[in-house]
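A short write-up of the structure that comes next.
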Amino acid sequence: MWRLVLLASFAVGIFVCGMTQSQSLAQDQKENIATKTTDLANATTSESGTAPIAVTYDVPSDIVLAYSIDNLLLFLSAVLVIFMQAGFALLEVGLNSAKNAVNILFKNTIDFCLGVLMFWFVGYGLMYPGASFAGKQYGYAQPAFEVTPSAEEIKAGFSTAAGTLRKLHPQADFLFQAAFCATAATIVSGAVAGRLKFSSYLIYTLILTGFVYPIGGFWKWGGGWLATMGFHDFAGSILVHTCGGFAGLAGAIALGPRLGRYTESGKSRPIPGHNLAYATLGVFILMIGWYGFNPGSQLAFAGEANVGAVMKIAVNTTLAGCAGGSLTMFLSWLVFGKPDLTMCLNGILAGLVGITASCDCVTNVESIYIGSIAGVLVMIAIIVLDKLMIDDPVGAFPVHGICGLWGGIATGIFGQGKDLGTQLIGSFTVAAFSFVVMSVVFFSLKAINQLRVSKQEEIEGLDVHEHGMPCYGTDAA
């Protein structure tokens, strides 16, 4: 019996000691946390004597949380659009000769670098000059990229009043818009591949990203005259793709075809690409990037309605691209006797370009119609360009120019509440503006013999002559 009493006393003693030790440890932890918090708040004064860093553990309000979600997802969308540069680079390299691979990669790299800088210095101010230029043809205002929105401005962006837009942080907004600008520029690289001087491409890039794209973008997205007319281009079938596509057409016409592309009698002699694996991978990267391009253009992501809109835009984008690729495959099989991979790849891109203007205002079924028609149009346009002896090595104009136009027109046909007449005016005006201005640029460069490389340079390859390096070590034609 005494053993049981001793054992019980021993157990009670252990329990009491354990409780005492736990309380002591908890008190030590609280004191330790308090000490670390004080150290963080007060002991981080820099040697220069600046004020201590404030450490806060606040729980964000619903509005602040929604603001954070909107801007962080817009940033991720911008990253996806920037990733499209890699897709364009691989697609264009794969569909061209290996001897020009470095030149194409360099162009797709430098048009992003120069394009972002030009858009920061000049383009953004032309594209978004403010409400005082509403309804006009052009305007300019110095942007304030580093001004943080106030709490009142953020709150005002969540008003239920018609036409209210969510407030975006200027840095996130610039990055997203700059990615679009670079996309418009890089479209042209494929149309002029294999014969344009690198220096001339730099001049073109500066003009398009600094002036042509921003002015056309202002007409709609900056509140200009097309916006007041009710023109609709949700994510840029016209303002991005048609702008770049028609600039590419101007360049291809001014340059003329590559050596050996056509016989003296005008017969077509295709110059096959050197790596269709690159081209295919490039198209899939572009499709992935399109999920930043189209859904990201919602510009607001928090809330039930925005989530539903983003998901619908994403599905419409996917359906249109798949419809374009499928229909183009069957058409090429019918016309050429065998399914053509390059036609299918361009068909996918055609569907994506075609749905970009209306992905927010059409049904899933209508997006399939739009993508399917874009697939037909891109194949017809490629064949017509070939008959006209206009050499576009990757089909940039058929994909972005023709199918971009179709996207603007399709919005007037299928888009809920959209006017076809307004869509026609806006679509053809942007196309004409880009084509005329860039024709002046390219033909001016041609007049002073600064547009096209020499015959020897073209035959031997731009990689060695323009950059002094081959892409693959032993360069294959």
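FYI, it's all coordinate maths here, none of it is from the lab. What you are looking at is a predicted structure, and each value in this text was computed from that prediction instead of being measured. When we count neighbours, we look across all protein chains shown, and the Cβ atoms used for this are built from the backbone with ideal geometry, even at glycine.
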Original post:
What is the distance, in nm, between label points placed 7 Å from the Cα along the Cα-to-Cβ direction at Asp419 and at Glu152?
Top reply: 3.7
Original post:
To the nearest 10 degrees, how steep is helix 420-447 against the longest Cα principal axis of the chain, on a 0 to 90 scale?
Top reply: 70
Subject >> All-pairs alpha carbon distance profile, segment 246-405, 5 Å steps from 0, percent >> reply: 2, 10, 17, 19, 19, 14, 9, 5, 3, 2, 1, 0, 0
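For Leu65 and Ala277 in one chain, what is 0.36 nm times their gap in residues minus the Cα-Cα distance, to one decimal in nm? Walk me through the numbers before you get to the answer.
Working: separation 212, 0.36 × 212 = 76.32 nm, distance 4.30 nm.
Between Leu65 and Ala277, full extension yields 72.0 nm more.
Listed here are the pairs Lys197/Lys446; Lys220/Lys418; Lys136/Lys220; Lys107/Lys387; Lys197/Lys455; which of them are more than 19 Å apart at the Cα? Provide the component values of the computation, followed by the final result.
Numbers: Lys197/Lys446 11 Å; Lys220/Lys418 14 Å; Lys136/Lys220 10 Å; Lys107/Lys387 28 Å; Lys197/Lys455 12 Å.
The pairs that break the limit, which is 19 Å between Cα atoms, are Lys107/Lys387.
Per the Cauchy relation, a quarter of the hull surface: what is the mean projected area of the convex hull of the alpha carbons in the chain, in nm²? The partial results should precede the final answer.
On the way: hull surface 146.2 nm².
Averaged projected hull area, Cα only: 36.5 nm².
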**OP:** Return P(r) of segment 234-273 (all Cα-Cα pairs; 5 Å bins starting at 0; whole %; ordered from short to long distances).
**Re:** 6, 19, 17, 17, 16, 12, 9, 4, 1
**OP:** Could you work out how far apart the two model spin labels at Ala134 and Phe211 are, taking each label as a point 7 Å from the Cα in the direction of the beta carbon, and quote it in nm?
**Re:** 2.9
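Under the rule of -39500 (n - 2.57) per DSSP H run of 4 or more residues, summed and divided by the residues of the chain, what mean residue ellipticity at 222 nm is obtained, to the nearest 500 deg cm²/dmol?
On the way: 17 runs with 296 residues, N = 477.
Roughly -21000 deg cm²/dmol at 222 nm, from the helical runs in the chain.
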**OP:** Could you give the spread of the C-alpha atoms of segment 314-415 along their three principal axes, from largest to smallest, in whole angstroms?
**Re:** 37, 24, 18
Subject >> Nearest 10 degrees, 0 to 90: helix 341-355 Cα axis against the chain principal axis >> reply: 70
Original post:
Given the Cα-Cα distance of Val440 and Ser454 and 0.36 nm per residue of separation, how much length would full extension add, in nm?
Top reply: 2.9 nm
**OP:** Between Phe330 and Val307, take the C-beta separation as r, use R0 = 51 Å, and let me know the FRET efficiency to the nearest 0.05.
**Re:** 0.90
**OP:** Please give the contour-minus-distance gain from Leu341 to Val315: 0.36 nm per residue of separation, less the Cα-Cα distance, rounded to one decimal in nm.
**Re:** 7.0 nm
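Order of 71-83, 259-271 by packing, highest average Cβ count within 10 Å first? Kindly include the intermediate steps, with their values, before the conclusion.
On the way: 71-83: 19.5, 259-271: 10.8.
In descending order of packing, they fall as 71-83, 259-271.
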Subject >> Label point distance in nm, Phe83-Ala432, each placed 7 Å from Cα along Cα→Cβ >> reply: 4.0
Original post:
Quick one: helix 364-387 against the long Cα principal axis of the chain, what's the angle to the nearest 10°, folded into 0 to 90?
Top reply: 40
**OP:** Please list the non-local residues whose amide H lies under 5 Å from the amide H of Lys197, H modeled 1.01 Å from N, same-chain partners needing a gap of 5 or more.
**Re:** Arg452, Val453
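Tell me the relative contact order for the chain as a rounded percent, counting alpha carbon contacts under 8 Å between residues six or more apart.
Details: 836 pairs, mean separation 105.5, N = 477.
Reported relative contact order: 22 percent.
Would you mind classifying segment 93-152 by shape? Square roots of the alpha carbon gyration tensor eigenvalues, ordered a ≥ b ≥ c; an a/c under 1.5 is rounded, otherwise it is prolate if a/b is larger than b/c and oblate if not.
Working: a/c = 4.02, a/b = 2.42, b/c = 1.66.
Prolate shape, in that a/c is at least 1.5 and a/b is the bigger ratio.
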Subject >> Burial ranking of peptide ranges 234-241, 296-303, 144-151 (average Cβ count within 10 Å, highest at the top) >> reply: 234-241, 296-303, 144-151
**OP:** Can you run the Rg to Rh ratio on segment 255-348? Use alpha carbon positions and the Kirkwood inverse-distance Rh.
**Re:** 1.16
Subject >> Long-range tail of P(r) for segment 141-233 (Cα pairs > 14 Å, %) >> reply: 76
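What ranking, highest mean first, results for peptides 414-425, 395-406, 176-187 when packing means the other Cβ atoms within 10 Å averaged over each residue? Display every interim value, and only then the final one.
Values: 414-425: 15.8, 395-406: 29.8, 176-187: 25.8.
Highest to lowest by the protection proxy: 395-406, 176-187, 414-425.
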